[in-house]
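Read-outs: derived from the displayed coordinates by stated rules, not from any lab. As the structure is a computational prediction, the values presented were derived from the model and not from experiment. Every residue, glycine among them, receives a Cβ derived from its backbone with ideal geometry; neighbour counts consider all protein chains shown.
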Amino acid sequence: MREAILTGRFAPGQVLSENALAAEFGRSRTPVWEALHRLEIEALVERAPRGVRVRTSSPEEILDIYEVRITLEGAAAKAAAERATELDRTRLRSAQQAMIDAEDTPEAKAAANRRFHEAVWTASHNPTLVDLLRRLNIHLVRYPTTTLTHGDRWDAVLREHEELLGAIEAGDGESARRIAEHHMFGAREVRLRMYAAGEHPEN
């Protein structure tokens, strides 16, 4: 059910019936109710007169999410610089190379970018940070258009990721934090411009 919401199969504002969901997923109403309760806690659905509906997110709410994500991404990058193992650094290099080699499609670029960020989170060795960042990211991947194809954003992302990798490999936590925060500020600014133009971006 979460995947159906995140991929847009269940659209924002769509009312979800427990009976219909139970039939679609081949489950009784009890696990469906439990799943809907979890999704409500995650703020992906909300109570409606006829059951629950998929929540819609306003530009203001998304920007609020970015405010928090900027801080958390900075903290994760700093921790990664201070705690990353050799295996972590190898995985980060591999994730960066996968971005460089990614197909020139919005979907491929967005997926490669998420894998890079997830590798940074993992390298932080801070489960609480990872959990919070994953929860925040759930609300951003619901939007079908990525900021990564806007103007020269992709080239900027690759360059900033390379700078972040350099700081992590050097064990420079403060530089890593500063670079990660600047990187997410840039993503937020692109998102603002896309909203102003009537687009609804992801990442």
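Quick notes on this structure:
- Taking every alpha-carbon pair under 8 Å whose residues sit at least 6 apart, the chain reaches a relative contact order of 25 percent.
- Close amide H pairs (under 5 Å, H built 1.01 Å from N) link Ser57 with no residue at least 5 positions away or on another chain.
- Top positive-direction residue, dipole computed over the stretch 1-106 with Cβ charges, set Leu36, Gly13, Tyr66: Leu36
- Sites count as exposed loop sites when they are trypsin sites (Lys or Arg not before Pro), lie in a DSSP loop, and have at most 16 other Cβ atoms within 10 angstrom; the longest stretch of the chain without one is 51-203.
- log10 of Debye I(q)/I(0), alpha-carbon scatterers only, for the chain at 0.19 Å⁻¹: -1.28
- The phi torsions of the stretch 63-74, fed into the Karplus equation with coefficients 6.51, -1.76 and 1.60 and a -60° offset, translate into couplings of 5, 4, 4, 5, 4, 6, 5, 4, 5, 5, 5, x Hz, rounded to whole numbers, with Gly and Pro shown as x.
- Secondary structure note: in the chain, about 75% of the DSSP beta bridges are antiparallel.
- Cα→Cβ-extended label distance, 7 Å offset, between Arg83 and Ala48, nm: 4.0
- For the stretch 2-54, alpha-carbon Rg relative to the globular expectation (2.2 N^0.38 Å, N residues): 1.01
- Calculated [222 nm] ellipticity per residue, helices only, for the chain: -22500 deg cm²/dmol; basis is -39500 (n - 2.57) per DSSP H run with n ≥ 4, divided by all residues, nearest 500.
- Asp104 paired with Ile41, simple spin-label distance in nm, labels 7 Å along Cα-to-beta-carbon: 4.6
- HN-Hα J in Hz across the stretch 7-12 - Karplus 6.51, -1.76, 1.60, θ = phi - 60°, x for Gly and Pro: 8, x, 5, 9, 7, x
- Computed from backbone phi, the HN-Hα couplings of the stretch 189-194 come to 5, 5, 4, 4, 5, 5 Hz, rounded to whole numbers (Karplus: 6.51 cos²θ - 1.76 cosθ + 1.60, θ = phi - 60°; Gly and Pro given as x).
- Once the Cα atoms are used to define both axes, helix 86-100 deviates from the longest principal axis of the chain by about 80 degrees.
- Anisotropy class of the stretch 41-150 from Cα gyration tensor, a/c 1.5 cut: oblate
- Dipole magnitude for the chain: computed about the Cα centre from +1 point charges on Lys and Arg Cβ and -1 point charges on Asp and Glu Cβ, it is near 700 debye.
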